[in-house]
1. Quick one: is Val121 open to solvent by less than 10 Å² (accessible area, probe 1.4 Å) and under 17 Å from the mean Cα position of the chain (by Cα)?
2. Got at least one residue in region 131-138 being within 16 Å of ligand 2 (Cβ to nearest atom) and either open to solvent by 10 Å² or more (accessible area, probe 1.4 Å) or free of Cβ contacts under 8 Å to residues at least 60 places away in the same chain (or both)?
3. In region 79-93, how many are of a type outside the set (D, E, K, R), more than 29 Å from Ala281 (Cβ to Cβ) and either open to solvent by 60 Å² or more (accessible area, probe 1.4 Å) or assigned to a helix (DSSP H, G or I) (or both)?
4. Could you list, ordered by first residue, the pairs with Cβ atoms under 9 Å in which the first is in region 207-236 and at positive phi and of a type outside the set (Val, Ile, Thr) and the second is within 12 Å of ligand 2 (Cβ to nearest atom) and not in a helix (DSSP H, G or I), at least 6 apart or interchain?
5. Among what's in region 237-250 and is open to solvent by 10 Å² or more (accessible area, probe 1.4 Å) and touching a residue at least 24 places away in the same chain (Cβ under 8 Å), pick the residue that is farthest from ligand 2 (Cβ to nearest atom).
6. Considering every residue within region 215-225, establish whether at least one is surrounded by fewer than 21 Cβ atoms within 10 Å (Cβ to Cβ), more than 13 Å from ligand 2 (Cβ to nearest atom) and not in a loop (DSSP other than H, G, I, E, B).
7. I'm trying to understand the selection: among the residues of region 282-305, which are under 20 Å from Ser182 (Cα atoms), among the acidic types (Asp, Glu) and surrounded by 10 or more Cβ atoms within 10 Å (Cβ to Cβ)?
8. Any idea which of (1) farther than 20 Å from Ile229 by Cβ; (2) open to solvent by 10 Å² or more (accessible area, probe 1.4 Å) is the one Tyr318 doesn't satisfy?
Amino acid sequence: MKGICILGATGSIGVSTLDVVSRHSEQYKVIALTANTNINALYEQCIVHKPEYAVVVNEDKAELFKDKIKDSEIAGMNVMSGSKALEFVSTLDNVDSVMAAIVGAAGLLPSLAAAKAGKDVLLANKEALVMSGDIFMQAVRDAGAKLLPIDSEHNAIFQCMPAAYTAGDEAKQVRRILLTASGGPFRETPIEQLHNVTVEQAVAHPKWDMGRKISVDSATMMNKGLELIEACLLFNMLPDDIQVVIHKQSIIHSMVDYVDGSVLAQMGNPDMRIPIAHAMAWPERFDSGVEPLNIFDVRQMDFEQPSLERFPCLRLAYEAIKAGGIMPTVLNAANEIAVDEFLNERVKFTDIPVIIENSMAKFSADKADTLEVILQVDQQAREQAYKIIKDMSH
Ligand code: NAD
Ligand code: MG
């Protein structure tokens with residue numbers, strides 16, 4: 001029996017994780033669930049899964065949550081609040097696996113704490129890895145933790161890697177990674193119309209049902225940019241050895257090209273329960289609840305090169321990882337602010353790459369050798385992005 005802590009339980013990945021957990025209650029016991037503000041969803045989850053701990057990061061919501069459970073069957077559950085509580089629950093002794101499914105930089109400290117405590121880290125929260133880079137990978141190595149990718153592409157690549165491959169190792173027989181992308185909702189929209197894109201259009205992804213931030217990232221293809229950086233770190237590859245491929249059917253989730261010319265692909269229906277179940281059962285396998293792939297329904301698979309003119313965010317991600325040092329931290333922080341402002345209808349869709357590029361121009365690619373430096377740069381880049389947005393509106 002393994003104990004699991006789900007950081008970001010109320011989000012899209014959190015909900016899919018609990019669906020898989022409920023299919024394997026003989027193997028997994030939920031120890032802790034966390035949410036930022038959504039106490040109604042968290043309450044329902046706690047009633048079903050009876051965790052020992054629930055964390056509601058927002059203090060006011062945590063008080064409301066305590067009130068809500070007072071006279072219920074989960075009255076005895078430990079309820080904590082504040083962001084430090086996330087680190088507490090992700091390092092509990094009876095937690096074996098931590099699903100890192102908080103969105104954005106807010107997930108860094110608890111994910112890193114789980115790695116340092118030697119837990120199995122099931123990493124969906126790509127921003128945490130992108131912003132902290134080698135520091136995260138080193139923490140995993142030092143503690144002998146297992147890092148299992150949940151992002152569908154990275155999970156696919158991991159599955160296509162040589163047997164006994166460990167995240168972060170150099171895979172000498174691998175020539176290239178082919179990182180697939182759906183291309184998002186604006187793959188074919190005339191470029192000159194992109195400035196009119198609404199929030200509703202941007203979050204309506206053609207193939208995947210996801211949280212709002214990652215949906216916008218998919219529309220700008222910054223999601224693929226973050227994934228490019230994520231792949232460089234997880235698989236110890238150079239950015240030039242990773243080819244982004246637009247594959248609109250989202251059936252192949254990525255490919256690994258070996259020196260002998262063999263190309264291995266992982267396929268499946270686009271449903272995050274597949275990578276989640278893979279990582280939870282690894283190195284075994286178990287049922288994810290996903291329908292078998294009907295290859296006759298797929299019929300055809302298309303592959304095309306992404307245009308960096310249409311998707312400037314992808315170009316910026318290549319530039320950030322090639323510059324190295326703190327630049328991916330800056331890219332990620334500026335993107336989080338730009339996307340948030342877009343979701344709040346304060347900037348246009350096409351302003352997103354402009355805000356990021358102008359923010360990056362204010363920094364030099366200094367070394368990112370300590371966590372303190374990372375957190376400081378993250379903060380400075382957010383302030384810089386806000387300043388740029390303010391100047392744009394004049
Ligand atoms: P979501 O918006 O649906 O859920 C986010 C979760 O994080 C919620 O539980 C929320 O309560 C919590 N959260 C938000 N802000 C927080 C804060 N400041 N402090 C603590 N908790 C906070 O997002 P999602 O789509 O589930 O994505 C989660 C992560 O997984 C992201 O990093 C995303 O890039 C990655 N991911 C998601 C998918 C997908 O299909 N949804 C696929 C691949 C990777
Ligand atoms: Mg992905």
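The values are calculated or read from the model by the stated rules, or taken from the named source; none is laboratory data. Just so it is clear, the model here is predicted, and its values are computed rather than measured. When we count neighbours, we look across all protein chains shown, and the Cβ atoms used for this are built from the backbone with ideal geometry, even at glycine. Only protein heavy atoms, including side chains, enter the accessible area calculation; ligands, DNA and RNA are left aside. Shrake-Rupley method; radii C 1.70, N 1.55, O 1.52, S 1.80 Å.
1. So Val121 fits the description; yes.
2. Quick first cut of region 131-138, residues within 16 Å of ligand 2 (Cβ to nearest atom) only: none.
No, every residue in region 131-138 fails to be within 16 Å of ligand 2 (Cβ to nearest atom) and either open to solvent by 10 Å² or more (accessible area, probe 1.4 Å) or free of Cβ contacts under 8 Å to residues at least 60 places away in the same chain (or both).
3. Residues that pass the stated criteria total 1.
4. Met221/Ala181; Met221/Gly184; Met221/Val244
5. Initial filter on region 237-250 (open to solvent by 10 Å² or more (accessible area, probe 1.4 Å)): 237-241, 243, 245, 248-249.
Narrowing the set further to residues that are touching a residue at least 24 places away in the same chain (Cβ under 8 Å) leaves 237, 239, 241, 243, 245, 248-249.
Values: Met237: 16, Pro239: 17, Asp241: 19, Gln243: 16, Val245: 13, Lys248: 15, Gln249: 15 Å.
Restricting to residues being open to solvent by 10 Å² or more (accessible area, probe 1.4 Å) and touching a residue at least 24 places away in the same chain (Cβ under 8 Å), the top hit is Asp241.
6. So in region 215-225, the residues surrounded by fewer than 21 Cβ atoms within 10 Å (Cβ to Cβ) come out as none.
Within region 215-225, none of the residues are surrounded by fewer than 21 Cβ atoms within 10 Å (Cβ to Cβ), more than 13 Å from ligand 2 (Cβ to nearest atom) and not in a loop (DSSP other than H, G, I, E, B).
7. Those that are under 20 Å from Ser182 (Cα atoms), among the acidic types (Asp, Glu) and surrounded by 10 or more Cβ atoms within 10 Å (Cβ to Cβ): Asp302, Glu304.
8. Against the list (1) farther than 20 Å from Ile229 by Cβ; (2) open to solvent by 10 Å² or more (accessible area, probe 1.4 Å), Tyr318 comes up short only on (1).
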